[in-house]
Amino acid sequence: MAREKRPLLYNRVPQPTLKEKFAALRNLPRFFALVWQTNCWYTIINAVLRIAKSAVPVAILYIGKLIIDQVVLLAKTPDSNTDHTYLWQLVAAEFVLAIVSDALSRAISLVDGLLGDLFSNHTSVKIMEHAATLDLDQFEDSAFYDKLERARQQTVGRTVLLSQVLTQVQDLITMLFLAVGLMAFNPWLILLLLIAIVPAFLGESYFNDQSYALTRGQTPQRRELDYMRYLGASDETAKEVKLFDLSGFLIKRFKALSQQFYADNKSLSTRRAAWGSLFAILGSMGYYAAYIIMILKTVEGSLSIGDLTFLAGSFRQLRSLLEGILSRFSTVSQGAIYLRDFFDFFEIKPKIKVSKTPLPFPNPIQKGFVFENVGFRYANSEQWANRYLSFTLHAGEKLALVGENGAGKTTLVKLLARLYDPEEGRILLDDIDLKEYDILQLRKHIGVIFQDYLRYQMSFAQNIAVGNIDEQNNRPLIIKAAEKSLANLLAMKLPNQYDQALGRRFNDGIELSGGEWQKVALARAYMKEAEVLILDEPTSALDARAEYEVFQRFAELTKGKSAVLISHRFSTVRMADRILVLEKGQLIELGSHEQLLQQNGRYAELFQLQAKGYR
């Protein structure tokens, strides 16, 4: 019976052809431009050091030849009066070159390391800067995340590619000097060298291609592996992992993924080692064939002992250098292909277009927001998150959004804050399309707290300041925002008050309860004098009384301002001037609490269902 093939863990990626490898080298100039931007002086110093280092091996070999010939000459004339000065001068020169060679190697390693750290930091910043320009829905696309992950991988160790390219140039210069000597002795040795090396180059090239396909194809599964590792050992997940006894399930999945990675990598590494050993034997055969020819010539008297050592050393180093250059070419071209992943990320452009002549945000808002037949759906989804939305959020009005989970409430407020652009229809602000306004000003004047707000592992003050990070050093404003959200009472109880570190990730951090975190998050909304405030179920962890107090204060603090609030508690919703009821992304009812109860429609049904729970 035929043995069933084990399925590969990764999606097979097409192998790059030789033409594609050469084409990928076109990424190198752009890469060097990035390295130059990182630190031009380190880049220049690196290049100069390597050029200097390239001449050292030839000089050492040649001086070694002169030393041996001089020793042989002195051995033939064992006269105590013979002058040995020249011999010791040669030995001293070789000693100095050895010291210089070591110093150059250490200097190159130092500069490589420093430049590598700077490059990693520089490219990480560029990724964060570019990511900040992209749209929210792009971050919600798994294909985008694969590109982002591959781009992140290129921020570490990419200066290895710089080192490899410069080493290629360094080795080529060294080879030029060594080849001149071999060519003068016997040009056929160069051909013998190529015959011995080319098979190893082709083998390395093939296995580098396989390695690239494996690494690239495993990207989605590697993200899952990292996610399993995070779920299995994190302070944020520990509670549910213990309650639901998930550790066994997570460990089993992690083992399955990691063992499959190991099996795939082992298979490739084993084949690579086996073929590599065979090609190494061929290379050794070529070297020793050339060595035998040189020995025979020396025995015949055509070469001196010094010539033999120089030519044998030159051939050995040429072989090593050529092997390195050919195999490194494959690695460099592979690295250049990987660079395509890095640069591809920067080719991703935001879908939200910014007006070339943006209008300033109206302060104060005169008329309000008007949704005209607005529709939006997420990427790769056939279902509409919102559709046929037509309503007005008047200036100074409090509007509540009601609907079951998945009704499109959060999507609606994201459209209002222009985190998304409508696929259908348009949104007007004071009779002007929202797209015409300065997007940064727009978001500065809209304060939003979502239900899935972040719990920053920072100080109490910093957690509030993220609502308006430009004012992070404005302690009076931070305290004022905390007072508005009732978080100031919590701050007073903490050991270090507003400087207290929150969360358990770092030393001396204190973890807050869900309700306490929500008060801190709510304070962010009050950090800027926003014209529009949006609260997307930010009080779900508060008890009914605390939520009532928060929204009472919210109503007082937003007088004269527009506000949108989402809450499943109808005791809170009824505070709004009008209530918009959504179902499957569409508006089905709109009016005040009393008007909607009189209509006896969907809102009245939901209200009565919740009221039953309190009877």
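The values are calculated or read from the model by the stated rules, or taken from the named source; none is laboratory data. No experiment lies behind these values; they were computed from the predicted model shown. Cβ sites come from the backbone with ideal geometry, for glycine too, and all protein chains shown count toward neighbours.
Some observations on this one:
- Among the residues of the stretch 396-405, those identified as outside any strand (DSSP E or B) and either closer than 17 Å to GLU605 by Cβ or within 31 Å of the chain's Cα centre (by Cα) (or both) are GLY403, GLU404, ASN405.
- Count - residues of the stretch 551-578 that are touching a Leu at 6+ places or on another chain (Cβ under 6 Å) and β-branched (Val, Ile, Thr): 3
- Condition check for SER302 on (1) closer than 30 Å to GLN70 by Cβ; (2) in a helix (DSSP H, G or I); (3) not charged (D, E, K, R): one failure, at (2).
- Residue within the stretch 307-321 that is closer than 30 Å to ALA290 by Cβ, in contact (Cβ under 8 Å) with a residue 60 or more places away in the chain and hydroxyl-bearing (Ser, Thr, Tyr) present: yes
- Apart from one condition, LEU535 fits all of (1) at pLDDT 85 or above; (2) under 32 Å from the mean Cα position of the chain (by Cα); (3) crowded, with 19+ Cβ neighbours inside 10 Å; the exception is (1).
- Lone qualifier among VAL56, VAL111 - being in contact (Cβ under 8 Å) with a residue 40 or more places away in the chain and farther than 30 Å from THR298 by Cβ: VAL111
- Checklist (1) closer than 22 Å to ALA47 by Cβ; (2) at pLDDT 70 or above applied to ARG158, failing item: (2)
- Residue list for the stretch 218-253, restricted to those being closer than 30 Å to GLY276 by Cα and either at pLDDT below 70 or aromatic (Phe, Trp, Tyr) (or both): GLN218, THR219
- Lone qualifier among MET294, MET285 - being crowded, with 17+ Cβ neighbours inside 10 Å and either in contact with a Leu (Cβ under 7 Å, 6 or more places away or on another chain) or hydrophobic (A, V, I, L, M, F, W, C) (or both): MET294
- Positions within the stretch 88-108 being of a type in the set (A, V, I, L, M, F, W, C) and without any contact (Cβ under 8 Å) to a residue 24 or more places away in the chain, in sequence order: TRP88, ALA92, PHE95, VAL96, ILE99, ALA103
- Within the stretch 464-500, the set of residues being of a type in the set (A, V, I, L, M, F, W, C) and modelled with pLDDT under 85 comprises VAL466, ILE469, LEU486.
- Selection within the stretch 475-489 - in contact with a helix residue (DSSP H, G or I) (Cβ under 8 Å, 6 or more places away or on another chain) and not small (Gly, Ala, Ser): ARG475, LEU477, ILE478, ILE479, LYS484, LEU486, ASN488
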